[in-house]
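Taking it in order: structure first as structure tokens, then the write-up.
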Amino acid sequence: MSLSRRDFLRVSMSAAGGLAVSLAWPHRAAAEQAMAMKLPPAVSEPLGAFVRIEPDGRIVIGARGCEIGQGVRTSLPMLIAEELDVSWSAVTVEQLDYGLEERGTPPTLVSRYGPQGAGGSTSIRDGFDELRQVGARARWLLLQAAGAEWQVPPERLRTQDAQVIHPDGRKLRYADLARRAATLAAPQGKLPVKEQSAYRVIGQRVRIVDGRDIVTGAAHYGIDAAVPGALTAVIARCPYFDGAVAEVDDSDTRRIPGVRQVLTIEGPRPGASLDRNLAAGVAVLAEDFWSAQRGRQALRIKWTPGPGVQESSSALEQRALAAFEERGKIARQDGDFAAARRSATRVIEHTYIEPFLAHATMEPPNALIDLRGKRALLIASLQSPSGASRMVNAMTGIARSDIAIKLPRSGGGFGRRLANDFVAEAVLVAQKAGAPVKVIWTREDDLQNDFYRPFGVHRLAATLDASGRVNGWSHRVAATARKYRAEDMEDDPDWVGCVDPDGFPAGCVPHYLAEFLRVEFPLARGWWHAPLPTFAAFPVESFLDEIAAASSQDPLDLRLALLGSPRELDYRDHGGPKVHTGRIAGVLREAARRIDYGRKLPPRHGIGVASHFTHGGYAAHAMEVALSGAGELNIVRCLCAADIGEVVNPLGAEAQFMGATVCGISAALNLQITVRDGRVEQANFPDYPLLRMAGAPDVEVFLIDSPFPPVGAGEMGIPPVAPALANAIHAASGRRLRRLPLGPQLKG
Amino acid sequence: MAIELTLNGKPADFAGDPSMPLLWYLRDHARLTGTKFGCGIGYCGACTVHVDGSARRACVTPMSSVAGHAVTTIEGLARAGTLHPVQQAWLDEDVPQCGYCQAGQIMTAVDLLKRTPAPTDQDIAALSNLCRCGTYPRIRKAIRRAALALRGEHA
């Protein structure tokens, strides 16, 4: 939501007598009522604020987002500090709670801090204007206060390092103005912000704000939450999709010291929406995790398998391949691909296969909930606190403004925590137990009960005219729809999330077809680290190299020729509404230049490149690999060039691209989730081998100096990785691998 | 009979199930939550602590085995508010992203540098702790920086 006349500044006295500044956005559901809302009187701010300037000199900036490792606890407060005109070293950052409350008559929900979720690399894009305005408005109040103090028009004053400076050189500290500023009326409308050349915080290489807490073990994650009287629950979940608990013998469990309760929770009805918990199960509640886990191991449960008990990955793959015999839903059609195919000088066609993937956040899902009559407290590692708030409200009837949600650090997100199934479990268990409950998942629970990245088979065909130019492109996707048993996606076509109808080379070839063939499978699907781009990039960018090889063109030249002149094209999915061909070409050229593309390589070495447009940002990877005759892969050089517009914190952004690249290699080489006899086969990390130190190359990151507005950095670095690697392997060995993960095929 | 141990330099005792892994004693009973749960099978290293100065995976270390021994956790690594050079190197290189695995990474790196003050690339590559965010390149830099600091040289 962008700032508009409907938002308003809330100026108040902090508990210590200083200035506290917040905004309140009308909550989406009640936006039209918000105009009538009245400013509350200036009172102390018990819930925190974006900016607090205390008489003792402390400058406290609130961090609104869910910190999942993407760095928003650092980068978002930087935006406020810039316009407040304080040096970063003078700032203390405090995490804000989820800020939903009722105000006014009639009561209306307002969001105190605006968007707080983490998903789609949107935090910086959403916050760039809003949060700079927060800082500018707090500074404006301090200027007014100083003007009143000195009897000078505020326009004649300037600020620097948390001081207001008089034209004659006198200075007043913000701290000394805070009390007066807190009594002033808020500014109206949008304030001017600094030119880029005047930045003192944005663009600096800033280390994460709670680094010291992390390296001393003091940082708090959801799994570290505690409230008095809370019981720890572990849940034995039905291993079959849509299965149920047939029989439980908990007699041994109840004899284990520390075990307090054993209770059964129901799963979703077969075929019903997966918007609560994912599976039926038996919860063991105990005084500590170990007692609960021992209790769980002592359960004797008979499961009723669901209708998917016969399902397997091999059957799914057969169904997907067979699906290409039919016609599917057309997501985009330009020109007439069928006619182009009939008249083509040459047709190239290949099929690529991508597996289900689990998120495997280092911190397994967990949630602590304390239901206290008409109020609730939720502490959990979340990406969607608004979703959690709605869910707790729907399940308990407790008003959303009375559901307090703390936002501790999360041990990774990658899209897993956009679902709140683990919160639903905690609510169900707490309601039955009549006590505060902390549900903790084991790694096995996590790998076997995820919202997985969809499985898909991609069939790509390209037509070449007599001069060797690509004039037709068909991308048919037979996949398990990401939109699966989800009520909140009814408005979207079911190919959304599996087909990227406007992705390159759409708009760059006259005859273009994107088609979706839905394949049914009972595994839950969700959002996985740059969900659609990661899914789309491997087949498209591998196929481009295959066309180049088949038509004796250079892969980079082929891409640049297809991209054509720099221009904007329509892009409907997340990150649109436009994609810029010149920026794609820009990152490709930069990656190629940095790796010295085209140089002579040693035997068995090869360089691969790939790029992708992801959530409004542009990235290209270039990799040089060596592949021994025995199939030993060595990533000799790995680099990424990215254009994410203006960069708020280069040190943090480089870390995001470095990390995403390593994660991308991990997934491309080794990761897959498979199903046999209606159950997920992988149980723990040995079956789902994330890269370790030895397999992770150094990653060189080059952020392009870009005049465009900033977008995020969390996800753009992953989609080009798998195809760049596959292309490099082909360049080194002549072997084209069209199935992920690549690793098991290297030695075959 | 209660199990007695030394925990971050202070005496501690535990009267519960002797088969309880050290990890869950630390987290649920000693309320030292800096040591993290990642896999429960000693594979990922998020729970790494020191027992008598050597790295140990706390999720597969029963309490009975630490009776009479000295356990150091991430909370006990800094001395009198001064960070251990490995912790300082982690800050200097801005290693953590989500940060969840980093306590285990740091305890593992401290152990490595104690055994091998001048680690080779191969020594560092042999470390098996998992990081889902992919911070390995910065971990390598931080270990090299800390190794220099511990040997009294400048990075």
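The values are calculated or read from the model by the stated rules, or taken from the named source; none is laboratory data. Everything numeric here is computed off the predicted structure, so don't read it as measured data. Don't worry about glycine lacking a Cβ; one is built from the backbone with ideal geometry, like all the others, and counts go over all protein chains shown.
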Checklist outcome for this item: Exception for A:D288 within (1) within 14 Å of chain B (Cβ to nearest Cβ); (2) touching a residue at least 60 places away in the same chain (Cβ under 8 Å) falls at (2)
Checklist outcome for this item: Scanning the stretch A:680-702 for residues that are in contact (Cβ under 8 Å) with a residue 60 or more places away in the chain and facing chain B (nearest Cβ under 7 Å) gives A:N684, A:F685, A:L690, A:D698, A:V699
Checklist outcome for this item: Scanning the stretch B:1-25 for residues that are closer than 14 Å to B:T61 by Cα and within 10 Å of chain A (Cβ to nearest Cβ), the one farthest from the chain's Cα centre (by Cα) turns out to be B:D17
Checklist entry - On the given criteria, is A:D450 acidic (D, E), farther than 24 Å from A:I547 by Cβ and either part of a loop (DSSP other than H, G, I, E, B) or touching a residue at least 12 places away in the same chain (Cβ under 8 Å) (or both)? => result yes
Next on the checklist: Given the criteria at pLDDT 95 or above and over 26 Å from A:P744 (Cβ atoms), does A:E681 qualify?
Outcome noted: no
Checklist outcome for this item: Within the stretch A:635-687, the residues that are in contact with a Gly (Cβ under 7 Å, 6 or more places away or on another chain) and at positive phi are A:G678
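Which one of A:A331, A:A340 is over 30 Å from B:N129 (Cα atoms), among the aliphatic types (A, V, I, L, M) and in contact with a His (Cβ under 7 Å, 6 or more places away or on another chain)? Can you show your working first?
Values: A:A331 fails: in contact with a His (Cβ under 7 Å, 6 or more places away or on another chain).
Answer to the selection: A:A340.
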Checklist entry - Of the numbered conditions (1) more than 22 Å from the chain's Cα centre (by Cα); (2) surrounded by fewer than 18 Cβ atoms within 10 Å (Cβ to Cβ); (3) modelled with pLDDT under 55, A:R28 satisfies every one except a single condition; which is it? => result (1)
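Could you please find all residues in the stretch A:650-678 being surrounded by fewer than 20 Cβ atoms within 10 Å (Cβ to Cβ) and out of contact with any Lys or Arg (no Cβ under 9 Å at 6 or more places or on another chain)? Spell out the reasoning first.
Initially, the stretch A:650-678 is screened for residues surrounded by fewer than 20 Cβ atoms within 10 Å (Cβ to Cβ), giving A:650-651, A:670, A:674, A:676-677.
Listed by number, the residues that qualify are A:N670, A:T674, A:R676, A:D677.
Is it the case that the stretch B:32-41 has a residue that's within 11 Å of another protein chain (Cβ to nearest Cβ) and not in a loop (DSSP other than H, G, I, E, B)?
Restricting attention to the stretch B:32-41, the residues satisfying the condition of being within 11 Å of another protein chain (Cβ to nearest Cβ) are B:32-41.
Restricting the remaining residues to those that are not in a loop (DSSP other than H, G, I, E, B) gives none.
No: zero hits.
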Item to check | Residues satisfying the stated conditions in the stretch A:374-395, i.e. under 19 Å from A:G119 (Cβ atoms) and among the charged types (D, E, K, R) | outcome: A:R390
Checklist outcome for this item: Residues in the stretch A:261-281 that are free of Cβ contacts under 8 Å to residues at least 60 places away in the same chain and more than 31 Å from the chain's Cα centre (by Cα) total 2
Next on the checklist: So A:A696 passes all but one of these: (1) over 20 Å from A:G526 (Cα atoms); (2) surrounded by fewer than 17 Cβ atoms within 10 Å (Cβ to Cβ). Which condition number does it fail?
Outcome noted: (2)
Item to check | Residue match in the stretch A:539-549 (condition: part of a loop (DSSP other than H, G, I, E, B) and either in the same structural domain as A:Y240 (by TED's automatic domain parsing) or not polar (S, T, N, Q) (or both)) | outcome: no
Checklist entry - Of A:A226, A:A279, A:A218, A:A233, which residue is within 14 Å of chain B (Cβ to nearest Cβ), crowded, with 17+ Cβ neighbours inside 10 Å and either hydrophobic (A, V, I, L, M, F, W, C) or closer than 16 Å to A:A367 by Cβ (or both)? => result A:A233
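Whether any residue in the stretch A:637-649 is farther than 30 Å from A:P709 by Cα and surrounded by 23 or more Cβ atoms within 10 Å (Cβ to Cβ) is what I want to check.
Checked the stretch A:637-649: no residue is farther than 30 Å from A:P709 by Cα and surrounded by 23 or more Cβ atoms within 10 Å (Cβ to Cβ).
With in the same structural domain as A:G712 (by TED's automatic domain parsing), in a loop (DSSP other than H, G, I, E, B) and among the small types (G, A, S) as the only criterion, which of A:G586, A:G598 stands out?
Details: A:G586 fails: in a loop (DSSP other than H, G, I, E, B).
The match here is A:G598.
From the set of residues in the stretch B:128-149 that are touching a residue at least 40 places away in the same chain (Cβ under 8 Å) and touching a Lys or Arg at 6+ places or on another chain (Cβ under 9 Å), which is farthest from the other protein chains (Cβ to nearest Cβ)? Explain how you work it out, then say what you get.
Initial filter on the stretch B:128-149 (touching a residue at least 40 places away in the same chain (Cβ under 8 Å)): B:128-130, B:135, B:138-139, B:141-143, B:145-146, B:149.
Still in the list and also touching a Lys or Arg at 6+ places or on another chain (Cβ under 9 Å): B:128-130.
Details: B:S128: 5, B:N129: 8, B:L130: 5 Å.
Among those that are touching a residue at least 40 places away in the same chain (Cβ under 8 Å) and touching a Lys or Arg at 6+ places or on another chain (Cβ under 9 Å), it is B:N129.
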Item to check | Qualifying residue in the stretch B:113-124 (condition: without any contact (Cβ under 8 Å) to a residue 40 or more places away in the chain, more than 23 Å from B:T33 (Cβ to Cβ), within 13 Å of chain A (Cβ to nearest Cβ) and of a type in the set (D, E)) | outcome: yes
Next on the checklist: I'd like to know if the stretch A:410-433 contains one or more residues that are crowded, with 24+ Cβ neighbours inside 10 Å, charged (D, E, K, R) and in a loop (DSSP other than H, G, I, E, B).
Outcome noted: no
